[in-house]
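This report concerns only the one structure given below.
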């Protein structure tokens, strides 16, 4: 069960990365396109490991590798767009709850994975928990602009979840037929190819070059720390996918929500406006209940 340990470590690192990303999007790099571009660029650092395990796969597998990276970068873009319009501890569990569902649909048709009855009950519990976490305060969407932002939040969230699921599903195919390190390096090339397309837009190109100034500021170190956590989490998650069912790996995100909730709570206490979290007693109780339900559902799936 080494994959379970890898998943827990990976999601713990991702929780730290997600919250830091939210802080940076609020205080530093405000453009999600620029943020995605530099994550893709930094992802190429894995190329330094090429001498120890990079192989040229067949044309079909190379396409799978690159597409896995492309979908991952697109997922990050949609994820960051969603973060700009929603609470961190609300939108992240919504996306995370949808990823296992989309992943299993992919795995059902392309990887011949099947759910047991216990796993099916786990998914039902997961959906209930996701609905609880996604409940919207009606007072917050009383005007037209807020309603528009709310719709955008869930649209970006769905697109992010779908893209993540496609990325992880394709990665599972890649890891099944290639050495892990080689396939992972090729996915990083694909992960950079998508954001490179942003440079063809004059406005986005200006935002990307403008965002580069962050590395000369104090927030530059925070950005590098956030991406280090994210990269570490991503490697652990992908390693777990190479060892076990991609559906079960993606389902085990309950612990990540616990980390995010705790981090968001501590962050809101010290910096009330930093993460834009609504930490009233009512909302906190709902989120704690939702996290408990989601964790129970994910546990049923993971340990069935």
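Computed from the C-beta positions of residue 224 and residue 265, the FRET efficiency with R₀ = 25 Å rounds to 0.50. Rounded, prolate or oblate: which one fits the stretch 8-129, using the alpha carbon gyration tensor with axes a ≥ b ≥ c (rounded when a/c is under 1.5, else prolate when a/b beats b/c, else oblate)? Oblate.
Once the Cα-Cα distance is subtracted from the 0.36 nm per residue extended length, the residue 30 to residue 45 segment shows a gain of 3.0 nm.
Model label points for residue 243 and residue 109, set 7 angstrom from Cα along the Cα-to-Cβ axis, are 3.1 nm apart.
Note on the stretch 2-302: Rg/Rh from C-alpha atoms, Kirkwood Rh, equals 0.96.
Treating the Cα atoms of the stretch 52-101 as identical point scatterers in vacuum, please give the log10 of the normalised Debye intensity I(q)/I(0) at q = 0.12, 0.16, 0.21, 0.29 Å⁻¹, two decimals. Results for the stretch 52-101 at q = 0.12, 0.16, 0.21, 0.29 Å⁻¹ read -0.42, -0.62, -0.79, -1.08.
Multiplying the residue separation of residue 158 and residue 281 by 0.36 nm and removing their Cα-Cα distance gives an extension gain of 41.5 nm. Modelled label positions at residue 205 and residue 151, each set 7 Å beyond Cα in the direction of Cβ, lie 3.4 nm from each other. Each peptide in 237-250, 167-180 receives the mean, over its residues, of other Cβ atoms within 10 Å, and ordering these scores from highest gives 237-250, 167-180.
Taking packing as the residue-averaged number of other Cβ atoms within 10 angstrom, the listed peptides 200-209, 289-298 run from highest to lowest as 289-298, 200-209.
Taking every C-alpha pair closer than 8 Å and separated by at least 6 residues, the mean separation divided by the residue count of the stretch 2-302 gives a relative contact order of 42 percent. Length gained on full extension, residue 60 to residue 118: 17.3 nm, using 0.36 nm per residue less the C-alpha separation. Each stretch of four or more DSSP H residues adds -39500 (n - 2.57); spread over every residue of the chain, this sum gives -27000 deg cm²/dmol at 222 nm. Computed packing ranks the peptides 5-13, 114-122 as 5-13, 114-122, most packed first, by mean other Cβ atoms within 10 Å.
Taken together, the values in this text are just the output of simple stated rules run on the coordinates, not laboratory data. Quick caveat, the model's predicted, so the values are computed rather than measured. FYI the Cβ positions are ideal-geometry reconstructions off the backbone, even for glycines, and counts take in every protein chain you see.
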